[in-house]
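Written below as structure tokens is the structure these notes are about.
The values are calculated or read from the model by the stated rules, or taken from the named source; none is laboratory data. Keep in mind the model is a prediction, meaning the values are calculated, not measured. We place every Cβ from the backbone using ideal geometry, glycine too, and count neighbours over all the protein chains shown. Please note that ligands, DNA and RNA were not included when accessible areas were found on the heavy atoms of the full protein model with its side chains. Shrake-Rupley method; radii C 1.70, N 1.55, O 1.52, S 1.80 Å.
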Amino acid sequence: MSAIAFLDQPEAGSPRPFSAATVAGGLVFVSGHSAPHDPARGIDRGATPAEEVRNALGRIAEILAGAGSSLDRVVQVTMLITDPADYAACNAEYVKHFPGGLPARHTARFGVPTEARVAFSCIALAGAAS
């Protein structure tokens, strides 16, 4: 097995030139992801900041599961928000997803060419909890 595993690499020429996650050194590094949004398939990222947090962390959980890990193995999170006025609402939903303890986190304001209000990246321990 390679010392580094790249998960869900993009196709050549993709406008999103990064893997969904990378596994290396016993850790899973998850790239920044907002809530899934595909109106053609009836997928909406959410009407409120809390719904976007729930849906974005749901996407992060899917990526972690694909890497053999989970949200309860997360040790560090980056929360990116577009509007500081959403901070309290995002936090209120965020804490619900880490009932076993809150990982280290930093928050930054961001702007992306989408209408996403919040996105997350994280670092988690690889493998299932022992």
- Item | Per residue value of the accessible surface for the chain (all protein chains in place, 1.4 Å probe), Å² | 56
- Note on the structure: Between Ser70 and Phe6, the two model label points (7 Å from Cα along the beta-carbon direction) sit apart by a distance in nm of 3.0
- Task: Only Lys, Arg, Asp and Glu count, each charged at its Cβ (+1, +1, -1, -1), so figure out the dipole size of the chain about its Cα centre, rounded to 20 debye.
- Result: 240
- Phi angles of the stretch 74-91, converted by Karplus (6.51 cos²θ - 1.76 cosθ + 1.60, θ = phi - 60°) into ³J(HN,Hα) in whole Hz with x for Gly and Pro, give 6, 10, 8, 10, 10, 10, 10, 10, 8, 10, x, 5, 8, 4, 5, 5, 5, 4
- Query: Which value at 222 nm does the chain reach when only helices count, each DSSP H run of 4 or more adding -39,500 (n - 2.57), with the total divided by all residues and rounded to the nearest 500 deg cm²/dmol?
  - Reply: -6500 deg cm²/dmol
- Out of Asp38, Asp83, Asp72, any idea which swings most in a Gaussian network model of the chain, alpha carbons joined below 10 Å? Asp38
